[in-house]
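The values are calculated or read from the model by the stated rules, or taken from the named source; none is laboratory data. As the structure is a computational prediction, the values presented were derived from the model and not from experiment. Reconstructed Cβ throughout: ideal geometry from the backbone, glycine too, with neighbour counts over all protein chains shown. SASA here: full protein model, heavy atoms, side chains in, ligands and nucleic acids out. Shrake-Rupley method; radii C 1.70, N 1.55, O 1.52, S 1.80 Å.
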Amino acid sequence: MKLFEPKVLSAFKGYKTKDYLSDIIAGVIVAIIALPLSIALAIASGARPETGLFTAIIAGFFASLLGGSKVNITGPTAAFATIVAGIILTQGMDGLFLATIMAGILLILMGLLRVGSLIKFIPHSITVGFTSGIAVTLAIGQLKDFFGLTYPAGTVAIETTEKLSLIIEHFSTFNFWAFGVGLLGLAILIVWPKIFKKIPASLIAVIVGALVCLISVVNANTIGSLYTISSDLPKFSLPEITGERILALLPSAFTIALLAGIESLLSCVVSDKMVGDKHNSNTELIALGTSNMLVGFFGGIPATGAIARTAANVKNGGKSPLSGMVHAVVLLLVLVVLMPLASYIPMPIIASILIMVAYNMSEWRQFVSICKSKEWNNILVLVITFALTVIFDLVKAIAVGLVVHYLIVLIKYIIAKRKEKQENN
């Protein structure tokens, strides 16, 4: 397999008009799904709403154009929310842009060094552990807006334990109207897909929630009450680069690169099974790195392959990189024409969308399955990775998880060799 061979070079062989039309329709549908998610994920990350769209547009287009998968959809994902929020609080948006560019460079190097094939050696218990941990941290981060709580001006919380403490401390500011809107959003997100599968539930939740909040008696924060919405196109900017800053941001950049690589390649594996194809992992890493570098230069947040959006792409007829590029173009048109309408989206609806995202990504069934397996080594690695992700951060969780896993493997190997030696004697 070649080091860099974008699927766009071979995906259109034997294509007919109906195939192009199928890709275009799939791209439009995925854009409708990605629209509220991109805005919600940007807000959850502590960034401005439009930065989520910048990310989906830039990364979505170039990752499809250069990527090693026919149908992977790239954009902002829930996995980055806590990491990005921490970087913004400590280093500011300029620091985030530099960290994203650095992560892009690391991803390109990973691709050039053919690291793509090595990521599959990360144990399943570790990926389930940190994915479930990220889901818990994301859900906890939404409780403030879901319950309509009010914190004193200047209150900052980075760690999940700090967020939980603030929720308990300020639960007396519970807003009945906000909670009602959040419950309405959750109900739509749960029930709607069981009745109407073609129209995304998140879009319906946003529209219904906005209409409800236009009633004067309903008192709930909207995006417009907290942010100034802009429909300006992303502009190129070069973040401040110093040796001291690079060293300070290197751990964060490494975390972003590692998580982006793992999540994107997992998405490729899932989509390969759906379309009967085989992705080029190193090409995908190089494309993802290039996309993240561009996102960093144009004011977005980190991006990776999004499994749910990729699956939606395939289910709605996406067969080639064209669908991913169409999805990006549609989002660009939305940014220019319809972005001001985002100011009417209620914050409890944003919270309910992200709570559902957290539930869907939690892999709780896999978590329970590993715990029921009675394989103590996998259970131990799973619980350690999960706990460290929630309490500390992803780097510590993966590092400690890997050390514990391979230490157990080594101990088992030594015990097996000693037993073999005793039996031979």
- residue 374 and residue 228 label points (each 7 Å along its Cα→Cβ direction) are spaced in nm at 6.4
- Task: Starting from the Cα gyration tensor of region 1-98, take the square roots of the eigenvalues, sort them a ≥ b ≥ c, and report rounded, prolate or oblate (rounded when a/c is under 1.5, otherwise prolate if a/b is larger than b/c, else oblate).
- Result: oblate
- Note on the structure: Probe 1.4 Å, heavy atoms of protein chains only: per residue, the accessible area of the chain in Å² is 46
- From DSSP H assignment alone, runs of 4+ in the chain each adding -39500 (n - 2.57), the sum over residues rounded to the nearest 500 puts [θ] at 222 nm at -23500 deg cm²/dmol
- Taking the chain and dividing mean pair separation by its residue count, relative contact order in percent (alpha carbons under 8 Å, at least six apart): 36
- Taking every Cα atom in region 109-196, find the radius of gyration and the maximum pairwise distance Dmax, and write them in Å. 19.1, 54
- Message: How large a share of the accessible area of region 260-346, in percent, is made up of carbon and sulfur atoms when the probe is 1.4 Å and the other protein chains stay in place?
- Response: 73
- Task: Give me the Debye-computed log₁₀ of I(q)/I(0) at q = 0.10, 0.12 Å⁻¹ for the chain, equal point scatterers on Cα only, no solvent, two decimals.
- Result: -0.68, -0.98
- Message: Compute, for the chain, the length of the dipole vector about the Cα centre, with Cβ point charges of +1 (Lys, Arg) and -1 (Asp, Glu) only. Units Debye, rounded to 20.
- Response: 1440
- Message: Which trypsin sites (Lys or Arg not before Pro) in region 47-126 sit in a loop by DSSP (not H, G, I, E or B) and have at most 16 other Cβ atoms within 10 Å of their own Cβ?
- Response: 114
- Message: What does the net charge come to around residue 414 if you take all other residues with beta carbon closer than 14 Å to its beta carbon, with K and R at +1 and D and E at -1?
- Response: +4
- Query: So how much slack lies between residue 415 and residue 112, counting 0.36 nm per residue of separation and subtracting their Cα-Cα distance, in nm?
  - Reply: 105.2 nm
- Message: Pairs of alpha-carbon atoms within less than 8 angstrom and 6+ residues apart define the contacts here; what relative contact order does region 313-425 have, in percent?
- Response: 13
- Task: Just the number, please: Stokes-Einstein D of region 178-301 in µm²/s, Kirkwood Rh from C-alpha pairs, 25 °C, 0.890 mPa s.
- Result: 129
- Note on the structure: A chain fully extended from residue 329 to residue 218 at 0.36 nm per residue, minus the present Cα-Cα distance, gains in nm 36.4 nm
- Query: Contour minus end-to-end for residue 272 and residue 170, with contour as 0.36 nm per residue of separation and end-to-end as the Cα-Cα distance?
  - Reply: 32.0 nm
- Task: Determine how large the accessible area of residue 344 is when every protein chain is in place; take a 1.4 Å probe and give Å² rounded to the nearest 10.
- Result: 120
